[in-house]
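The values are calculated or read from the model by the stated rules, or taken from the named source; none is laboratory data. Quick caveat, the model's predicted, so the values are computed rather than measured. We place every Cβ from the backbone using ideal geometry, glycine too, and count neighbours over all the protein chains shown.
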Amino acid sequence: MIPKIIHQIWDGRHEPLPRFFKELSETWKKNHPEWRYEFWDKERMEKFVAEHFPVYFNKYQTLKYNIQRWDVIRYMILSKLGGLYVDFDYESLKPADEYLSGKTCCFGLEPEEHRILFNREHSIISNAFIASVPNHPFMELLIENVFNSEASFTSRFYCVLETTGPYMISRVYQNYENKDGVELLPEELVSPLSKDDVTKYLKFYIDDDVLEHKTQKAIAIHYFSGTWLD
């Protein structure tokens, strides 16, 4: 059973957690009163890697971009402790308990519009909503893939996506033999709005009826803030 722990990470070196993210974080606490909440800052993340993954500590410290560390640390935390990881730009609309019940490893899918936009053959598996039991083999495989990859990219955007982010996860999943052990939660459940939808929503360009239709089955909404791109 997936432990009732919610994990969120914020490095905190360059800026404090924005007020909007704090408000979104509270929605997870409100809808999951029986769950333990764990906040991870830079110091705590580094201590965790040093203690639980010493063989990878130097590589973790020398990853080219901070976002790569923030990506892989979520896999490490879930691998050792289990629970539910959600990005800070995620809003909880209702409890996730029944959708995670009986599962051992879950990832949310990104909107189909993103697959089409980026010309991907398969659905994009997000790393913004992940739930797992401790020591799940797929989570361990993701960690190994991150630190054993020799690929290099000139673009930061594609480097992150391909080495530690959604494209890496999607690639590893496609080659994973035991796909039955990994549940992919549909977009209408955990990511009903695309990045374009969110932009229109924030600018009041999207019709309320359209918004209601898109989110009617959702338990959470990802706002795709993309702070790591700034």
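Things worth noting here:
- Meets criteria (surrounded by fewer than 23 Cβ atoms within 10 Å (Cβ to Cβ) and over 16 Å from the mean Cα position of the chain (by Cα)) for PHE118: yes
- Test: residue in the stretch 121-128 that is assigned to a helix (DSSP H, G or I), at pLDDT 95 or above, out of contact with any strand residue (DSSP E or B) (no Cβ under 6 Å at 6 or more places or on another chain) and surrounded by 19 or more Cβ atoms within 10 Å (Cβ to Cβ): no
- Only residues that are free of Cβ contacts under 8 Å to residues at least 12 places away in the same chain and under 18 Å from the mean Cα position of the chain (by Cα) were counted in the stretch 1-19, giving 0.
- Checking each residue in the stretch 8-19 for being surrounded by fewer than 19 Cβ atoms within 10 Å (Cβ to Cβ) and not in a loop (DSSP other than H, G, I, E, B) picks out only ARG19.
- The set of residues from the stretch 202-214 being part of a helix (DSSP H, G or I) and surrounded by fewer than 17 Cβ atoms within 10 Å (Cβ to Cβ) comprises LEU202, ASP208, ASP209, VAL210, LEU211, GLU212, HIS213.
- Hey, LEU78 in contact with a Cys (Cβ under 8 Å, 6 or more places away or on another chain), under 23 Å from TRP35 (Cβ atoms) and not aromatic (Phe, Trp, Tyr) or not: no
- The set of residues from the stretch 149-201 being aromatic (Phe, Trp, Tyr) and part of a loop (DSSP other than H, G, I, E, B) comprises PHE153, TYR176.
- Of all residues in the stretch 129-142 being surrounded by fewer than 21 Cβ atoms within 10 Å (Cβ to Cβ) and touching a residue at least 60 places away in the same chain (Cβ under 8 Å), the one that is nearest to PRO186 (Cα to Cα): VAL133
- So THR199, is it out of contact with any strand residue (DSSP E or B) (no Cβ under 9 Å at 6 or more places or on another chain), within 28 Å of ARG69 (Cα to Cα) and surrounded by 15 or more Cβ atoms within 10 Å (Cβ to Cβ): no
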